[in-house]
Amino acid sequence: MDITIVGCGIVGLASAWFLRADGHQVTVVDACERVGQGASHANGGQLSYRYVAPLAEPGVLAKIPGWMLRSDAPIRFKPAFDSRQWAWIAQFLRACNGRDQAASIASLLPLSLYSRRLMDDLRKTPDFDFAWRRNGKLVLHRDPASFAAARRLLASSPGADGEQFALDVRSCLDVEPALERMAPHLAGGIHTPSEEVGDCLALCEALEKGLRQGPGAVTFRMAERVERIELAAGRYHALQTDRGRIRGDACVVANGVDAASLLHSVGVGVPIYPLKGYSISAPLVAPRKAPEISITDFQRKVVYARIGDQLRVAGMADIVGHDRSIKPARIDMLKRETAENFGTAADLPQAREWCGLRPTTPTGRPIIGASKVPGVWLNLGQGALGFTLAAGSARVLADRMGGGTPAIPDAAFAPSA
């Protein structure tokens, strides 16, 4: 087939990689001048294959009133005259229960572990250097009740035995000595030794380079904005862009938070809304003071990952629509947290600042497969797990587009679900 992919973040590029491998002719189109300029650009860097719990969890509901009153809350909400915002929030609140959380984890875990197997192959591709390491991950809990809930969830999680471990504070320090400053404030942590880290933007750039080369090279149409999807006789016909028309047999919509508006024009609705996150990337100046293991501060919704010679600090979720502006107060909060927890490990005045919009579904489950419009396919909604789930999501999509059956159950991700 002649397939056009809308979006050149990690999900769109991974889709192009596997579709090309299956023998399809692929074109990638994106409004940005370079690949990986959206949510892939400076995300948290964690490849979190075992820890896939969604943001919608039972404990969130009790915290919302307090968060609404705090300027430094990990999750912030700015009401808008936007029906999509309110619909998403209503669905999110309904998903904040143990049953839906367990269902999301049960569907996401096979996809994430499948993605890890595919990433193992992908990272062995020549010239694919993206600062990958298998360094492990530690999810830290400051609240004893939260830690107790995490231990219960761990005990009920399929396949966690021997892969994840509940650690008391002393054991957390044994695993990661750089946590000495945080230790007095901790109740414990969940350790996953097999988790990984990498530079998502560097992988995007490596994928682009590989896709442009060799037989069946992918065509890239950058700095070209898709304005609408054109149909003929009720099925996909072409993409109309600000620079012309791209015809083909099918299209894959993988352009994150901008997908909802594009799909609305052909009557396809997707429950995706932007969750704005922030990050800083600071040069390491005292590496021994910085964590080797990737750290997630569960209560503060902040993650720390050592990527090459940089400390990446990312977090927060602002429900503020499509506002892509950097709010200094949020960056300052990340810098304060970093200094409080790791002292002078990184040169914070020299940190690169970034914010991005994560394309998130209320349940945390992505949308992968055929839409109700023949020829229009979706690979969307990976949210904060975009880097983690990209390879698996792309392979599932390629199998479905080729008429095959994916290697993992994917019914929970079907657009009809």
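The values are calculated or read from the model by the stated rules, or taken from the named source; none is laboratory data. Source: prediction; values computed, not measured. Note that we place each Cβ from the backbone using ideal geometry, even for glycine, and neighbour counts take in every protein chain shown. Calculation scope for accessible area: heavy atoms of the full protein, side chains included, ligands and nucleic acids excluded. Shrake-Rupley method; radii C 1.70, N 1.55, O 1.52, S 1.80 Å.
Roughly how many percent of the accessible protein surface of the chain is carbon and sulfur, given a 1.4 Å probe and a whole-percent answer?
Roughly 53 percent, rounded to a whole number.
Just add up the charged neighbours of Asn43: K/R +1, D/E -1, any other residue whose Cβ is under 9 Å from the Cβ of Asn43.
+2
Taking the chain as the reference, fit the longest principal axis to its C-alpha atoms, fit the long axis of helix 10-21 to the helix C-alpha atoms, and give the angle between the two in degrees, 0 to 90, nearest 10.
50 degrees
Please list the non-local residues whose amide H lies under 5 Å from the amide H of Arg221, H modeled 1.01 Å from N, same-chain partners needing a gap of 5 or more.
Val28, Val29, Asp30
Once you have the Cα-Cα distance between Lys124 and Arg288, take 0.36 nm times their residue separation minus that, and quote the gain in nm to one decimal.
Computed gain between Lys124 and Arg288 is 56.1 nm.
Averaged per residue, what accessible area in Å² does segment 100-185 show with a 1.4 Å probe, protein chains only?
Per residue, segment 100-185 has an accessible area of 50 Å².
Using a 1.4 Å probe, what is the accessible area per residue for segment 337-391, in Å²?
30 Å²
List, in order, the whole-Hz ³J(HN,Hα) value for each residue of segment 200-205 obtained from phi through the Karplus relation with A = 6.51, B = -1.76, C = 1.60 and θ = phi - 60°; use x for Gly and Pro.
4, 4, 4, 5, 4, 5
Return the sequence-ordered ³J(HN,Hα) values of segment 259-264 in whole Hz as given by the Karplus equation 6.51 cos²θ - 1.76 cosθ + 1.60 applied to θ = phi - 60°, using x for Gly and Pro.
5, 4, 5, 5, 6, 4
With angles folded into 0 to 90 degrees, how steeply does helix 98-122 sit against the dominant principal axis of the chain? Use alpha carbons for both and round to 10.
Helix 98-122 sits at roughly 70 degrees to that axis.
Determine, from the Cβ-Cβ distance of Glu180 and Trp67 and an R0 of 22 Å, the FRET efficiency 1/(1 + (r/R0)^6), rounded to the nearest 0.05.
Computed FRET efficiency for Glu180 and Trp67: 0.15.
If you take every residue apart from Gln91 with its C-beta less than 13 Å away from the C-beta of Gln91, what net charge results, scoring Lys and Arg +1 and Asp and Glu -1?
That sum, taken over residues with Cβ under 13 Å, equals +2.
By per-residue mean of other Cβ atoms within 10 Å, what is the highest-first order of 27-34, 337-344?
Highest to lowest by the protection proxy: 27-34, 337-344.
5 Å is the cut-off here: which amide hydrogens, built 1.01 Å from N in the peptide plane, fall below it relative to Gly188, excluding neighbours closer than 5 in sequence?
When sequence neighbours closer than 5 places are left aside, the close amide H contacts are His141.
On a 0 to 90 degree scale, rounded to 10, what angle separates helix 144-156 from the longest Cα axis of the chain?
50 degrees
Taking a cut-off of 36 Å, what percent of all Cα-Cα pairs in the chain are separated by more than that?
I get 21 percent for the Cα pairs in the chain exceeding 36 Å.
What residues qualify as long-range amide H neighbours of Glu195, i.e. H under 5 Å apart, gap of 5 or more or another chain, H built at 1.01 Å from N?
Gly136, Lys137
Show me the three semi-axes of the equivalent ellipsoid for segment 75-178, from the C-alpha gyration tensor (sqrt of 5 times each eigenvalue), largest first, rounded to whole Å.
Rounded to whole Å, the semi-axes are 29, 24, 17.
Write down the accessible area per residue of segment 195-292 in Å², having rolled a 1.4 Å probe over the full set of protein chains.
Heavy-atom SASA per residue in segment 195-292 reads 40 Å².
Give me the net charge for the shell around Ser265: Cβ to Cβ below 13 angstrom, other residues only, Lys and Arg +1, Asp and Glu -1.
After counting each charged neighbour, the total is -2.
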